[in-house]
Amino acid sequence: MTVADIHTPARAQPRRSLKIGRLSLPWFFLFPAIATFVIWIYAPLVQAAWLSFYDWNMLPFAPKTFVGWKNYENILALPKLWQALGNTAIYMLGIRWPSPSGPKICRPAPATSIAR
């Protein structure tokens, strides 16, 4: 062993624990938000999808009868369904049909001309 070997510091190995900690720190902070999102959004969504295949009167001790796709067949057989979907599409697209009361409702308030 020479004097140069004693005074030359050994090359430090990078700490693996710091690298893992640096990568997991964002997930540590995101976990509560993700858990809350899953519990309050996805769990009820999955439960509603599951319950849609049953006939149940919503009483806690009432029996649930599996009916499969029958609930969806009943909804698709309703004559007013397509009219309701069409009305919903109109409202979503923001299409406004002209009506006699339209200009009266859409007229700006008098105070807006003063503010300009």
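Numbers at a glance
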{"item": "Selection status of GLN83, surrounded by 10 or more Cβ atoms within 10 Å (Cβ to Cβ), polar (S, T, N, Q) and more than 25 Å from the chain's Cα centre (by Cα)", "result": "yes"}
{"item": "Pair list, Cβ under 9 Å, 6 or more apart: the stretch 59-76 residue without any contact (Cβ under 8 Å) to a residue 24 or more places away in the chain, other residue of a type outside the set (D, E, K, R) and in a helix (DSSP H, G or I)", "result": "LYS64/LEU51; ILE75/LEU81"}
{"item": "Qualifying residues in the stretch 43-75 (those that are among the aliphatic types (A, V, I, L, M) and under 22 Å from the mean Cα position of the chain (by Cα)) - the one surrounded by the most Cβ atoms within 10 Å (Cβ to Cβ)", "result": "LEU51"}
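This table checks each residue for (1) modelled with pLDDT under 90; (2) assigned to a loop (DSSP other than H, G, I, E, B).
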position	(1), (2)
ILE20	yes, no
PRO26	yes, no
THR36	no, no
ILE41	no, no
LEU45	no, no
ALA48	no, no
ILE95	yes, yes
SER99	yes, yes
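The values are calculated or read from the model by the stated rules, or taken from the named source; none is laboratory data. Note that this is a predicted model, so its numbers are computed, not measured. Ideal geometry is used to build each Cβ from the backbone, glycine not excepted, and the neighbour counts take in all protein chains shown.
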